[in-house]
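None of the figures in this text is laboratory data; all of them are computed from the coordinates on show. Because the structure is predicted, anything quoted here is derived from the model rather than measured. Because the Cβ atoms are built from the backbone with ideal geometry, glycine has one as well, and the counts that use them run over all protein chains shown.
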Amino acid sequence: MPIFRKGTEIDIKYIAELEEKIFSDAWTEKSVQDTFEQKQAFITVAEDEGEIVGYCIIYYVMDEAEIARVATCETVRRKGIGKGLLQYTCDCCREKQIERLMLDVRESNEGAIAFYKKHGFQTDGIRKHFYEMPKENAVLMSMPLV
């Protein structure tokens, strides 16, 4: 049974390893560490049988937050981990009086877009040529948390 919790410094190495496996533009361990140390950021993780299987990195200012990175291991996809991680992350945001959660997603990532819409996000617009490796538009999405 997975558990969802706030990330700790020990998790940074494992998050960076997942970044390498999942993303073409992976964050380095130093990038994850630097984010972890910021006052206006936090990380949530999904842990299953002692292993980090998902994470969400959030930046926030006042009553708005942005998901900077979110991912789950391929082996646990479509098993409720992403949903649980998103719900836990939203709860953490509400604790900080965050009222709106935003994100961007690759235009070609239809599965992620459908997932976000199913969980309350709406499309706000397109940011042209936002992503590199490969070059691609970003779909901007948000949802209210109140």
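Some observations on this one:
- Neighbours of residue 126 by Cβ distance under 10 Å: Lys/Arg scored +1, Asp/Glu scored -1, total -1.
- Given their separation in residues at 0.36 nm each and the Cα-Cα distance between them, residue 102 and residue 78 gain 6.4 nm when the chain is fully extended.
- Dipole magnitude (debye, nearest 20) for the chain, charges at Cβ of Lys, Arg, Asp, Glu: 460
- Proximal lysines to residue 30, defined as alpha-carbon separation beneath 24 angstrom and excluding residues fewer than eight positions away on the same chain: 6, 13, 21, 39
- Distant-in-sequence amide contacts of residue 130, defined by a placed amide H-H separation under 5 Å and a gap of 5 or more residues or a different chain, comprise 136, 137, 138.
- Each peptide among 131-138, 16-23 gets the average number of other Cβ atoms lying within 10 Å of its residues, and from highest to lowest they stand as 16-23, 131-138.
- Remark: relative contact order (region 86-146) = 42 percent; criterion is Cα-Cα distance under 8 angstrom and separation of 6 or more residues.
- Across all Cα atoms of region 17-64, the radius of gyration (one decimal) and Dmax (whole number) stand at 12.0, 35 Å.
- Expressed as a fraction of 2.2 N^0.38 Å, the value expected for a compact globular protein of N residues, the C-alpha radius of gyration of the chain is 0.99.
- Region 80-130 versus region 5-37: alpha-carbon centroid distance in Å: 19
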